[in-house]
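One structure is given below, represented as structure tokens, and several questions about it will come after.
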Amino acid sequence: MMKRRLLSVLLAAMLAQPLSVRADLPDLGEISDASLSPSDEARIGRDALRAMREAGDVLDDAEINAYLNSIGGRLAAAAAVPGVHFTYFCVGDTGINAFAMPGGYVGVNIGLILATQNEGELAAVLGHETAHVAQRHIARMQAANSATSPLLLLGTIVAAALAAKAGSGEGAMGAVSAGMGLSISRQLAFSRDFEREADRVGMQYMAAAGFDVRYMSSFFQRLEQAGRYSDTMAYAFLRTHPVTLERISEAQNRSLDYPVRMRADSVDYLLVREKLRVLTMTPEEAVSYYDSTLARGLYLNEGAHWYGLARAKLARHDRVGAAEALAKARAKLPDDAMLYGLDVEIARDGRDWAAAARAARAGLAAFPRNAALQLARIDVALDSDDRKEAQALLRQLLNDRQDDPALYRREARLYADADPLRYHAALGNAFYYEQRYSSALEQYQLAGKAKGDDFYLRSMLEARLREVERLAKDERKAARN
């Protein structure tokens, strides 16, 4: 956890300010491009996210990722930044923080999601970070300091990630000092201006996405008060997002220009929040927590807490207790794909593949486009060694989602012991779409040496191999410069 927190704090401290420009904002595109081009930004963000994944910071959970990208996608649609594909991801850290990286990568800690009291507050933070990206704050900050190399951020991030992965806290902090030591007073001054700009533009995105903009000032005010009167985990957020009374007042006054919107929290928000809460505790602590809150009525939503108790009991392999708690959650909540997903998990925990398959099929009948349930159905087929079913499902989904690394990882699992050519090709594809080009190159080379007479696959491999060799070469060249 220390290594994770170190890398997350590093990224937040350096990158809490990113991107585009609406009609009422100054157009600084040419100035910022001269310092840090869009391609530089994309490479920095991509490589930083890869470093975080390799350090174990990023949660790889289909349900959580789908939810964050669903709500974030609505905000990104309002931002409408040409050429930028936004990616929202969850960091496995209990500190209250969020950050935006170049290229449209927005991270939010478990701790921040748990600190929100409704979906509007989470949308406020994601809208704020999306605005950092849309206004290109890092590029503008770099443009203000001509002594700073456009690729210094990338070098600093990667060096710190490697130090953290190796367990060298001093090395990581040394990298922070090297990067932040350049004109730090001016950078902090820009940060305050950028934070205000991100508040203003983020509110526009929130309104366009259907959220009440008042949640932004109320959430920031609550964190500011918590940080003032007690030593809380809110410190991390307050340090990277200096929330002053002036900023809060400006946000409150600005919100008067927007209509009040009464909007119920989505079931996905409620369930994701409890799923993450369980991850922060031992199974025993989680069961005790939910038993207490349910008995005393201390919850924002009763059904969500029954769901949390079901997950806590499943973590103890108490499948009967988990199923009973899940049934009570269902009685209190509207139908939701995550409820079927937990049904599948309970059955898989008991190695009841038939029940798991029934639950997955039932969930897909109700939510046919749900990616997490689609993956769960493939996992059940692989668990039960139903290779024909797994192959058919993968073929069907890959026709629609040819750039989904999760599908290729399951394809690699399907062929692991039976077909080296397809195994290495699938794993190479997974790395390729994760933009981990060196690893992809290695797998494609192994696939090229494997036996097999699939002409179409080998033709694809040859073309992809040439592309990946070029991409890896370009990355090495950029790193040297």
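Suppose the filter is at pLDDT 90 or above and basic (K, R); does R50 pass it?
No, not satisfied.
Okay, next question. Of everything in the stretch 73-103, what is touching an Asp or Glu at 6+ places or on another chain (Cβ under 9 Å), of a type outside the set (A, V, I, L, M, F, W, C) and within 15 Å of A124 (Cα to Cα)? Give them in sequence order.
Matches in the stretch 73-103: Y88 only.
Something else: Of all residues in the stretch 326-337, how many are crowded, with 16+ Cβ neighbours inside 10 Å and within 20 Å of P283 (Cα to Cα)?
3
Within the stretch 52-63, how many residues turn out to be surrounded by fewer than 22 Cβ atoms within 10 Å (Cβ to Cβ) and not in a loop (DSSP other than H, G, I, E, B)?
Residues that pass the stated criteria total 5.
Would you confirm whether any residue within the stretch 427-449 is closer than 24 Å to R377 by Cα, aliphatic (A, V, I, L, M) and part of a helix (DSSP H, G or I)?
Scanning the stretch 427-449, I find at least one residue that is closer than 24 Å to R377 by Cα, aliphatic (A, V, I, L, M) and part of a helix (DSSP H, G or I), so the answer is yes.
Then there is this: Evaluate the stretch 222-239: report whether one residue or more is at pLDDT 90 or above and touching a Leu at 6+ places or on another chain (Cβ under 6 Å). Show your work before the answer.
Of the stretch 222-239, the ones at pLDDT 90 or above are none.
No.
Looking only at residues that are within 28 Å of the chain's Cα centre (by Cα) and modelled with pLDDT under 95 in the stretch 256-290, which one is nearest to E302 (Cα to Cα)?
Restricting to residues being within 28 Å of the chain's Cα centre (by Cα) and modelled with pLDDT under 95, the top hit is A264.
Taking only pairs six or more apart or across chains, which ones have beta-carbon atoms under 9 Å, a first residue in the stretch 245-263 that is surrounded by fewer than 15 Cβ atoms within 10 Å (Cβ to Cβ) and assigned to a loop (DSSP other than H, G, I, E, B), and a second residue that is modelled with pLDDT of 95 or more and β-branched (V, I, T)?
Between residues of the stretch 245-263 that are surrounded by fewer than 15 Cβ atoms within 10 Å (Cβ to Cβ) and assigned to a loop (DSSP other than H, G, I, E, B) and residues that are modelled with pLDDT of 95 or more and β-branched (V, I, T), the close pairs are D257/V213; R261/V213.
If you don't mind, there's one more thing I want to ask. Pull up the stretch 311-325, narrow it to residues that are more than 26 Å from the chain's Cα centre (by Cα) and not charged (D, E, K, R), then point me to the one that is surrounded by the fewest Cβ atoms within 10 Å (Cβ to Cβ).
Applying the filter and picking the extreme gives V320.
Oh, and also: Looking only at residues in the stretch 79-102 that are part of a loop (DSSP other than H, G, I, E, B) and more than 25 Å from L276 (Cβ to Cβ), which one is modelled with the lowest pLDDT?
Restricting to residues being part of a loop (DSSP other than H, G, I, E, B) and more than 25 Å from L276 (Cβ to Cβ), the top hit is P102.
Based on this model, can you work out whether V267 counts as out of contact with any Cys (no Cβ under 9 Å at 6 or more places or on another chain) and not assigned by TED's automatic domain parsing to the domain that holds A98?
Details: out of contact with any Cys (no Cβ under 9 Å at 6 or more places or on another chain): yes; not assigned by TED's automatic domain parsing to the domain that holds A98: yes.
Against the criterion (out of contact with any Cys (no Cβ under 9 Å at 6 or more places or on another chain) and not assigned by TED's automatic domain parsing to the domain that holds A98), V267 qualifies.
Under the condition of being crowded, with 16+ Cβ neighbours inside 10 Å, small (G, A, S) and more than 25 Å from D352 (Cβ to Cβ), which residue from the stretch 379-425 is farthest from the chain's Cα centre (by Cα)?
Checking each candidate, the answer is A425.
How many residues does the stretch 240-255 hold that are at pLDDT below 90 and not hydrophobic (A, V, I, L, M, F, W, C)?
Number of matching residues: 6.
Here's something else I'd like to know. Taking only the stretch 197-226 into account, find how many residues are among the small types (G, A, S), touching a Lys or Arg at 6+ places or on another chain (Cβ under 9 Å) and assigned to a helix (DSSP H, G or I). Can you show your working first?
Residues of the stretch 197-226 that are among the small types (G, A, S), as a first pass: 198, 202, 207-210, 217-218, 226.
Adding the requirement that they be touching a Lys or Arg at 6+ places or on another chain (Cβ under 9 Å) leaves 207-210, 217.
Next, from what is left, pick out any that are assigned to a helix (DSSP H, G or I): 207-208, 217.
Adding up the residues that qualify gives 3.
Filter the stretch 353-376 down to the residues that are within 23 Å of the chain's Cα centre (by Cα) and surrounded by fewer than 24 Cβ atoms within 10 Å (Cβ to Cβ) and list them by number.
Answer for the stretch 353-376, where residues must be within 23 Å of the chain's Cα centre (by Cα) and surrounded by fewer than 24 Cβ atoms within 10 Å (Cβ to Cβ): F367, R369, N370, A371, A372, L375.
Something else about it: Let me spell it out: the conditions are (1) surrounded by fewer than 20 Cβ atoms within 10 Å (Cβ to Cβ); (2) modelled with pLDDT of 95 or more; (3) touching a strand residue (DSSP E or B) at 6+ places or on another chain (Cβ under 9 Å), and A13 meets all of them except one. Which number is the exception?
(2)
Applying the selection to the stretch 408-457, what residues are closer than 18 Å to R53 by Cβ and free of Cβ contacts under 8 Å to residues at least 24 places away in the same chain?
The answer is R409, A412, L427, S439, E442, Q443.
Conditions tested, residue by residue: (1) within 15 Å of the chain's Cα centre (by Cα); (2) over 21 Å from R200 (Cβ atoms); (3) small (G, A, S).
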position: A77; (1), (2), (3): no, no, yes
position: A100; (1), (2), (3): yes, no, yes
position: N118; (1), (2), (3): no, yes, no
position: A124; (1), (2), (3): no, no, yes
position: A139; (1), (2), (3): no, no, yes
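Whether any residue in the stretch 382-398 is under 30 Å from L457 (Cβ atoms), hydroxyl-bearing (S, T, Y) and without any contact (Cβ under 8 Å) to a residue 60 or more places away in the chain is what I want to check.
Yes, the stretch 382-398 contains at least one residue that is under 30 Å from L457 (Cβ atoms), hydroxyl-bearing (S, T, Y) and without any contact (Cβ under 8 Å) to a residue 60 or more places away in the chain.
Further, regarding this structure: Among V84, V91, which is the only one that is touching a strand residue (DSSP E or B) at 6+ places or on another chain (Cβ under 7 Å) and buried (at least 21 other Cβ atoms within 10 Å of the Cβ)?
The match here is V91.
The values are calculated or read from the model by the stated rules, or taken from the named source; none is laboratory data. A quick note: this is a predicted structure, and the numbers were derived from the prediction, not measured. So basically every Cβ, Gly included, is an ideal-geometry build from the backbone, and we count neighbours across all protein chains shown.
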